[in-house]
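Engineer: I have a structure here, written as C-alpha cells, and I will follow up with some questions on it.
Derivation of every value follows stated rules applied to the coordinates shown; laboratory data play no part. Computed from a predicted model, the values in this text were never measured in an experiment. Counting neighbours? That spans all protein chains shown, and the Cβs are built from the backbone with ideal geometry, glycine included.
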Amino acid sequence: MASQYCPQEIDEKWQQRWEELGIYKAIDNDSKPKFYSLVMFPYPSGDLHMGHMRVYTISDVISRHRRMQGFNVLNPMGWDAFGLPAENAAMKRKLHPESWTKENIRYMRDEQLKKLGTSYDWAREVTTCDSNYYRWTQWIFLKMYEAGLAVRKSAPVNWCPECQTVLANEQVENGACWRHPETPVEQKQMHQWFLKITNYAEELLADLDTLKGWPERVRVMQQNWIGKSQGAELFFKVKEHPELQVNVFTTRPDTIFGVSYLVLAPENPLVAKLTTPECKAKVDEYVEQSKKKTELDRMTAEKTKTGVPTGSHVINPFNGEAVPVLVSDYVLMSYGTGAVMGVPAHDERDFAFAKVFNLPVTEVISASGSPTTDGLKAAFLEQGVMLNSGEFNGMGSAEAKLKMIAWAESNKAGKAHTQFRLRDWLISRQRYWGCPIPLVHCEKCGINPVPEKSLPVILPVEGVEFTGEGGSPLKRMNDWLTVDCPKCGGTAQRETDTMDTFIDSSWYFLRYVDAKNPELVFAQDKVNYWMPVDQYVGGVEHAILHLLYSRFFTRALRDMGLVKCAEPFTNLLSQGMVTMYSPVSGRIEKMSKSRGNVVGTLDFFKKYGADAARLFTLFAAPPEQELEWNEDSAVGQYRFLGRIWRLVDELLEKGCIDSKQNAVTIDSEKLDAAGKALLKQVHKAIKAVSTDLGNAHYGFNTAIARCMELVNALYKYVQEVNPQGHSALLTFAIRNLLLIIAPMAPHISEELWHLCGFASGAQDSIHISSWPQFDDALTVDQDIELVLQVNGKIVNKVGVARGLDRQSAEDLAFGDDKMKAKLGGAQVRKVIVVPDKLVNVVI
RNA sequence: GCCGAAGUGGUGAAAUGGCAAACACGCUACGUUCAGGUCGUAGUGAGAGCAAUCUCUUGGGGGUUCAAGUCCCCCCUUCGGCACCA
C-alpha cells in the first residue's frame with residue numbers, strides 16, 4: 001500500500017471497475033423497494049465547472065446511500081440537448097449544431113461526470129435531440145393535439161429580436177428575454193401554437209398543498225405565478241350601441257355602485273367600435289403610442305395615469321347609470337377581459353386616474369356605513385359597510401359581494417368568475433435546433449397532424465445553412481418542406497416552427513423508466529413501478545419554468561391514461577448556487593464563464609481528486625444554501641482524506657486490521673475505558689450519519705463533521721493505546737468509518753475497503769454493501785454533566801452517572817458548594833429538574 | 001406595494017425550548033525538518049485579570065417561559081419571487 005493518498009492512482013481505476021461490474025444498474029420491477037433519484041439533466045454547453053458539480057454530487061450521495069440501504073435505485077442521466085446556444089455556436093464556429101452538441105455530450109459525460117465518480121445507470125441515457133427520443137416528444141404533442149390541449153391561436157406574444165423567435169411568458173424576466181437581460185421583448189400579435197396549461201391552473205395551484213416534500217419558497221413561487229383571483233365578470237351594455245357589451249373582471253363586485261367610468265386596454269378590439277368620430281384622432285394617436293412601448297417601457301414608466309375618452313358610454317347594470325368609456329394603458333389586454341370598471345373610491349389606481357381626469361369619486365363602502373365627512377383622501381381598500389348602494393346599503397361588504405354576484409347572475413348582468421394570471425404556454429419557436437412540430441399545412445384541408453406511423457418527423461441535418469437571416473433555415477429546405485398531405489394526398493408543407501426546448505425536458509424523467517423502448521413512449525408496468533420520482537435535486541432557477549411544465553405534462557398524460565400519478569416529484573431539493581469572487585464585477589457572484597469566476601473540474605480532480613471536490617461541496621454549507629467556493633477549504637478536505645489514508649495505512653502496517661472480522665458489533669463489556677469510548681464514538685457516528693443522510697434536509701455537512709470526529713477519536717485512541725491487541729475493535733471502527741463515508745467519498749472508501757480485505761473479491765464493492773446498523777444503547781453516554789442553574793444562569797456543572805432520579809439531583813444541587821454560595825440564604829421559589837440534563841433553582 | 005427565506009466568532013458554519021459556537025478554514029505555539037512545505041499535538045468568540053475566575057455575546061426593541069439563537073409581536077438589513085393583475 002502506498003503510504004500517501006494518491007487519488008490520481010485510484011479514482012479512474014474504480015470508475016472503470018464500477019462500470020464493468022454494472023453495480024449501478026437499476027432493475028425494472030424488482031421486488032426490492034424502489035427509489036427513483038433524479039437530478040436535473042444538463043444542457044450540453046461543453047463544460048461543467050464546480051458550480052455544476054455540486055448538484056450532481058448531492059444527488060449522487062443520496063442515490064448511493066439509498067442503494068446501500070437496500071433500495072432498488074434508479075439514478076439516470078441524460079442531456080437537454082436542443083436549444084438556441086447550439087445553433088448560435090454553430091453559426092459562430094461553422095459547425096453543425098448536432099456535431100457541436102454530440103461532442104459536448106461526449107466530453108461532459110466521459111471527462112467530467114464520470115470523473116466525479118457518479119453512480120448513474122448509463123444504459124438509460126437519454127438525449128433529447130436524438131430522433132428516438134424526440135419521436136416520442138412529437139407523439140406526446142399529437143396526443144395533446146387530439147385531446148385539445150395543443151391549439152393554434154392568435155395572441156399577443158413576446159418576441160426576442162436577439163433570439164429571432166417568440167418566447168413563453170415564463171421566459172420573460174423583467175420585460176426582457178431570459179437569455180438577454182439587455183434586450184427588451186417586443187409585443188406582437190401572431191398565430192402560434194400553445195399548450196393549454198391553463199386548463200390545469202386550478203389543479204396545479206390546489207395540489208401545491210400536497211407537495212409536503214417541496215421547499216416552501218418553490219411552492220410560493222408557483223402560487224404567485226399561477227396567481228388566482230376570485231370575483232365576478234360583469235356585463236356593461238354600451239349606451240350608443242345597444243348591440244354591444246363590455247365585460248369586465250373584478251375582484252370587488254361589491255364596489256359596483258361606485259363605478260364612475262370604464263377603461264379599455266389600448267389593444268382591446270372594442271376600442272375601434274366604441275370610439276366616436278369626434279374622438280377618433282386622439283384615440284388613434286394614443287393607441288399608436290402605446291403600441292410603440294415595449295412591455296419593459298410600460299412597466300418602468302412612471303405610474304402617472306394617461307388616457308383618452310372614446311366618446312361612448314356604458315350602462316351600469318346595477319343602477320342604470322351611464323358612465324364614460326376611456327382608453328388607458330394601465331389596463332392590460334393579457335389579463336382578464338382587457339377592460340376594467342373604474343371605482344376611484346376603492347382602488348388606488350382608479351383613484352389616481354380619477355384625480356387626473358377629474359372623474360367623480362363615489363364612496364360605497366366605509367368602516368361605519370356612513371360617508372366620510374370631509375371627502376376621501378385615498379382609496380378605501382378594506383372591508384366595511386355598504387352605502388350609496390341601493391338595496392345593499394347597510395350590509396357588510398363581504399356579504400354584499402356574494403349577494404351582488406347572485407343578483408348579477410339572476411339578472412344576466414354578470415357571473416362569478418375566477419381569474420388566473422397563468423397564461424397558455426406558447427411553444428412555437430422560429431428556430432432550427434429543436435423538435436419539429438409534427439403538423440402539415442395543406443391548402444385544401446388546412447392543418448393536419450402527421451400520422452403516428454410516420455413519426456418521427458426527422459429534423460434534417462444534411463444541407464442546412466445557417467445564415468442568421470430570413471428566419472429558420474427550415475424554411476429553405478425545400479425537399480424536407482414539401483410533403484404529401486396526410487389527408488388528401490395533395491402537395492402540402494411541413495410546419496417549420498420547432499418546439500420550445502422546455503417541452504423536451506417536461507417528460508424526460510418518464511422516458512428514463514424505459515429509455516430504449518422502440519415501440520412505446522414507455523411501458524405501463526415500468527412507469528407505474530418507478531414513478532413518481534422519490535427525490536429530485538436541481539437549481540431554484542427552475543422553480544417555475546421546468547417544474548410547472550412537468551407538473552402540467554404529468555397531469556395531461558395522467559388524463560390520457562398513460563401514468564397514474566399526478567405529481568411527478570414527491571420530494572424536491574433546491575440546492576443553492578455556487579458563488580465565487582468575480583474579477584469582472586468585483587463582487588461575489590454565481591460561478592459562470594461570463595463573470596470570469598469559474599473553477600474547472602479537471603484541474604481540481606487532477607490535483608486533489610474527485611473525493612475532495614465532492615466533500616468540499618457537501619461540507620461547506622447545507623445543500624439549500626449558497627456556497628462560496630474556497631480553494632483553501634477545499635484543500636482541507638484533501639487533507640482529511642489523507643488523514644484517513646494514513647490511519648488505515650498505519651493500522652494495516654501494524655497488523656491491526658483483521659479482514660475476517662465482520663461482526664455487527666463488539667461486546668462493550670470486554671473493553672477497557674478507552675475502548676468503550678471509541679466503540680461509543682463508532683455507534684454515535686453511524687447513528688448521526690444515518691440520520692443526517694436520511695432526513696429531508698440532507699445534512700451532508702454535519703454528516704462529514706461526524707466522520708471527522710470519528711477519525712479524530714481514532715487518532716487519539718491509536719496514540720494513547722498500543723493498537724496491537726485491539727484489532728477487533730479497530731477493524732470494526734475502520735470498517736464502519738469506510739461504510740458511512742462511502743456515499744460521499746466513493747473512491748477512497750472503495751480502495752481502502754479492498755486494501756483492508758473487507759471485499760469478498762475483486763468483483764465486490766463497498767457500494768453494494770449494506771448500510772451499517774448502530775446499537776442505540778451504546779450511543780448513550782453513561783457519565784454525564786449535570787448543569788446546575790440559579791434563575792436559568794449556569795452556576796456549576798457536575799459529573800454524575802446517567803439515570804439520577806429527580807430527588808437525588810435536587811439534593812446534589814443544594815449540596816453543591818457553588819450553588820450554596822450563589823443561593824446564600826435566599827428563599828427557594830421553585831426547583832426545575834430535567835433528568836440527566838440540569839437542575840434550575842428559582843429564587 | 002404583496003408574498004417568501006435569511007441575519008450566530010476573523011471565515012464557512014453547528015445547536016429535538018435546556019451547557020451558544022460542534023466540525024472545518026485561517027491564525028498562534030510546540031514537536032518533526034538544515035529550512036520551507038507536509039505531518040502530529042495544543043490553543044484560538046469579546047472584554048477584565050499574573051491566575052483561579054468574573055462579565056458580556058446569536059441584526060435592534062419588546063414579550064411568553066424556571067429557561068429563548070430557537071416560540072410570539074414590532075422594527076432594521078440582505079437575498080429571492082410577483083407587481084398598473086383590476
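Engineer: For chain A, what does the helix formula give at 222 nm: sum of -39500 (n - 2.57) over DSSP H segments with n ≥ 4, over the residue count, nearest 500 deg cm²/dmol?
Structural biologist: Working: 26 runs with 296 residues, N = 843.
When only DSSP H runs of four or more count, the value is -10500 deg cm²/dmol.
Engineer: Provide the three semi-axes, in whole Å and in decreasing order, of the ellipsoid equivalent to segment A:733-775 as defined by the square roots of 5 times the Cα gyration tensor eigenvalues. It would help to have the intermediate numbers written out before the result.
Structural biologist: On the way: eigenvalues 48, 25, 19 Å².
In descending order the semi-axes read 15, 11, 10 Å.
Engineer: Which peptide among A:478-485, A:328-335 comes first, and what is the full order, when sorted by highest mean count of other Cβ atoms within 10 Å? Before the final figure, lay out each step's value.
Structural biologist: Details: A:478-485: 13.8, A:328-335: 19.0.
Highest mean packing first, the order is A:328-335, A:478-485.
Engineer: While we're looking at this one, here's another question. Relative contact order for chain A: what is it in percent, counting Cα pairs under 8 Å that are at least 6 residues apart?
Structural biologist: Working: 1532 pairs, mean separation 119.0, N = 843.
Result for chain A is 14 percent.
Engineer: Report the charge-dipole magnitude of segment A:722-843 in Debye, nearest 20, computed about the Cα centre from +1 at each Lys and Arg Cβ and -1 at each Asp and Glu Cβ. Kindly include the intermediate steps, with their values, before the conclusion.
Structural biologist: Working: 11 positive and 14 negative charges, 167 e Å.
Here segment A:722-843 has a charge dipole of around 800 debye.
Engineer: What list do you get for A:657, A:748 if you sort them by fewest beta carbons within 10 Å?
Structural biologist: Working: A:657 21, A:748 27.
The most exposed by this proxy come first: A:657, A:748.
Engineer: Looking at segment A:552-618, which trypsin sites (Lys or Arg not before Pro) are DSSP coil and have at most 15 other C-beta atoms within 10 Å of their C-beta?
Structural biologist: Numbers: sites: A:555, A:558, A:564, A:587, A:590, A:593, A:595, A:606, A:607, A:614; in loops: A:564, A:587.
Filter output for segment A:552-618: A:564, A:587.
Engineer: Most exposed first by the Cβ proxy, i.e. fewest other Cβ within 10 Å, how do A:11, A:424, A:254 rank? Present the calculation step by step, with values, prior to reporting the outcome.
Structural biologist: Details: A:11 23, A:424 20, A:254 30.
Listed from fewest to most nearby Cβ atoms, that is A:424, A:11, A:254.
Engineer: To the nearest 20 Debye, how big is the dipole of chain A about its Cα centre, given +1 on the beta carbon of each Lys and Arg and -1 on that of each Asp and Glu?
Structural biologist: 360
Engineer: What number, in percent, do you get for the relative contact order of segment A:588-668 if the mean sequence gap of Cα pairs under 8 Å and at least 6 apart is divided by its residue count?
Structural biologist: Working: 27 pairs, mean separation 16.9, N = 81.
Relative contact order for segment A:588-668 comes out at 21 percent.
Engineer: Still on this model: On the principal axes of its Cα set, how long, how wide and how thick is chain A? Give whole Å, largest value first.
Structural biologist: Result, largest extent first: 106, 89, 52 Å.
Engineer: What residues qualify as long-range amide H neighbours of residue A:214, i.e. H under 5 Å apart, gap of 5 or more or another chain, H built at 1.01 Å from N?
Structural biologist: The answer is A:572.
Engineer: Then there's this: Under the rule a/c < 1.5 gives rounded, and otherwise a/b versus b/c splits prolate from oblate, where does segment A:179-295 land using the Cα gyration tensor?
Structural biologist: Values: a/c = 2.61, a/b = 1.51, b/c = 1.73.
Oblate is the answer for segment A:179-295, as a/c is 1.5 or above yet b/c matches or exceeds a/b.
Engineer: Let me ask something else. Using Cβ counts within 10 Å as a stand-in for footprinting exposure, how do A:365, A:794, A:10 rank, fewest first? Working shown, then result.
Structural biologist: Values: A:365 27, A:794 11, A:10 22.
Sorted ascending by nearby Cβ count, the order is A:794, A:10, A:365.
Engineer: Across all directions of projection, what mean area in square nanometres is found for the Cα convex hull of segment A:109-220? Let's see the in-between values first.
Structural biologist: Numbers: hull surface 44.9 nm².
Its average projected convex-hull area is 11.2 nm².
Engineer: Now for a separate question. With a/c under 1.5 counting as rounded, go ahead and sort segment A:481-541 into rounded, prolate or oblate using the C-alpha gyration tensor (a ≥ b ≥ c being the square roots of the eigenvalues; past the cut-off, prolate if a/b is larger than b/c, else oblate). Show your work: numbers first, answer last.
Structural biologist: Details: a/c = 4.71, a/b = 1.83, b/c = 2.58.
Oblate, because a/c is 1.5 or more while a/b does not exceed b/c.
Engineer: If you split all Cα-Cα distances of segment A:695-819 into 10 Å bins from zero, what percentages do you get per bin, shortest first?
Structural biologist: For segment A:695-819, the pair-distance distribution reads 10, 28, 25, 19, 12, 5, 0.
Engineer: Next up: Nearest 5 is fine: what % of DSSP beta bridges in chain A come out antiparallel, could you say?
Structural biologist: On the way: 75 of 98 bridges.
Around 75 percent of the beta bridges assigned by DSSP in chain A are antiparallel ones.
Engineer: Can I ask one more? Pull up all non-local amide H partners of residue A:228: gap of 5 or more, or a different chain, and H-to-H distance under 5 Å with H placed in the peptide plane.
Structural biologist: Close amide H contacts, sequence-distant or interchain: A:421.
Engineer: Rounded to whole Å, give me the distance from the Cα center of segment A:444-494 to that of segment A:159-228.
Structural biologist: With segment A:444-494 and segment A:159-228 each reduced to a Cα centre, they are spaced 29 Å.
Engineer: Have a look at A:134, A:161, A:339 and report the one farthest towards the positive end of the charge dipole of chain A, computed about the Cα centre with Cβ charges (Lys/Arg +1, Asp/Glu -1).
Structural biologist: Farthest towards the positive end: A:339.
Engineer: Each residue of segment A:121-136 in order: what ³J(HN,Hα) in whole Hz does its phi give by Karplus 6.51 cos²θ - 1.76 cosθ + 1.60, θ = phi - 60°, with x for Gly and Pro?
Structural biologist: 8, 5, 5, 9, 3, 10, 10, 5, 8, 7, 5, 6, 9, 6, 4, 7
Engineer: Using θ = phi - 60° and the Karplus relation 6.51 cos²θ - 1.76 cosθ + 1.60, list the HN-Hα couplings for segment A:767-784 in order, rounded to whole Hz, with x at every Gly or Pro.
Structural biologist: Taking θ as phi minus 60°, the curve returns 7, 10, 7, 7, 4, x, 9, 10, 9, 4, 4, 7, 8, 7, 6, 7, 9, 10 Hz for segment A:767-784.
Engineer: Amide H to amide H, which residues 5 or more places from residue A:362 or on other chains are under 5 Å from it, using H placed in the peptide plane?
Structural biologist: For residue A:362, whose amide H was placed from the backbone, the distant partners under 5 Å are A:345.
Engineer: As I understand it, the dipole of chain A uses +1 on the Cβ of Lys and Arg and -1 on the Cβ of Asp and Glu, about the Cα centre. Which of A:430, A:596, A:230 lies farthest toward its positive end?
Structural biologist: Of the candidates, A:230 comes out farthest on the positive side.
Engineer: Could you give each residue of segment A:316-327 its phi-based ³J(HN,Hα) in whole Hz, using Karplus coefficients 6.51, -1.76, 1.60 with θ = phi - 60°, and x for Gly or Pro?
Structural biologist: For segment A:316-327, the Karplus-derived couplings read 5, x, 8, 10, x, 6, 8, 10, x, 10, 10, 10 Hz, x marking Gly and Pro.
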